[in-house]
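The values are calculated or read from the model by the stated rules, or taken from the named source; none is laboratory data. What you see is a predicted model, and the numbers here were worked out from it, not measured in a lab. With ideal geometry, Cβ positions are generated from the backbone for all residues, glycine too; neighbour counts draw on all protein chains shown. Surface areas here come from the heavy atoms of the whole protein model, side chains and all, with no ligands, DNA or RNA. Shrake-Rupley method; radii C 1.70, N 1.55, O 1.52, S 1.80 Å.
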Amino acid sequence: MLFSFENMPDYARIWVYQTDKKLSEKESELIQTTLNEQISQWAAHGAPLAGAFKILYNRFVIIAADEHQNATSGCSIDASTNWLKSIGTELNINFFDRSIAYLSDNEIHTVDFLKVKNEIGDGNILPDTITFNNTIITMIDFHQNWKVQASSSWLKKYFVAIPSSI
């Protein structure tokens, strides 16, 4: 059963998929069409799931499920990842990008995990730069903890306090 993403309850479970490139309008439309169809039929052990999705910044696909109606199962979660694998194969998009995503000049940029310290050193990621925490698991986490300043994330260890001169 397909629901509006905005109307999903705070306790709904979510999965964040980050793409390896900016989605074009045509790619976004195909993803929307496919996920509308798939989530409308999404089930766990024959029980319909209340699901929703949203594409944000042309880089993230977020799928939600209200597990108070019916709980997801390993098979239903696998089905959702398989939708994105299939779309990815068709469009040559990796929905399982694990690089660090951050917002700069209203654009999403990504950097390999091993190169993030260099990005900070080069001034591309500042303490107040918005980063994305794709490990969140509920809608309330999405609303409160998905977008965080770098200095409030695990990246804070790379920002060294500069002693003030006397």
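Computed quantities for the displayed model
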quantity	calculated
Within the chain, longest stretch free of exposed trypsin sites (Lys or Arg not before Pro) [DSSP loop, at most 16 other beta carbons within 10 Å]	23-97
Residue (of 140, 75, 125) at the positive-pole extreme of region 22-166, dipole from beta-carbon charges	125
Length released on extending from residue 24 to residue 140, taking residue separation times 0.36 nm less the Cα-Cα span	38.9 nm
Percent carbon-and-sulfur accessible area, the chain, ignoring ligands, DNA and RNA, probe 1.4 Å	49 percent
Degrees, to the nearest 10: 25-40 long Cα axis against longest axis of the chain	50 degrees
Isotropically averaged projected area of the chain, using the convex hull of Cα atoms (one quarter of hull area), nm²	11.2 nm²
Residue 122-residue 10 pseudo-label distance in nm [points 7 Å out on the Cα-to-Cβ vector]	4.0 nm
Per-residue HN-Hα couplings for region 129-142 [Karplus 6.51, -1.76, 1.60; θ = phi - 60°; Hz; x = Gly/Pro]	5, 6, 10, 10, 9, 7, 8, 5, 10, 9, 4, 4, 4, 4
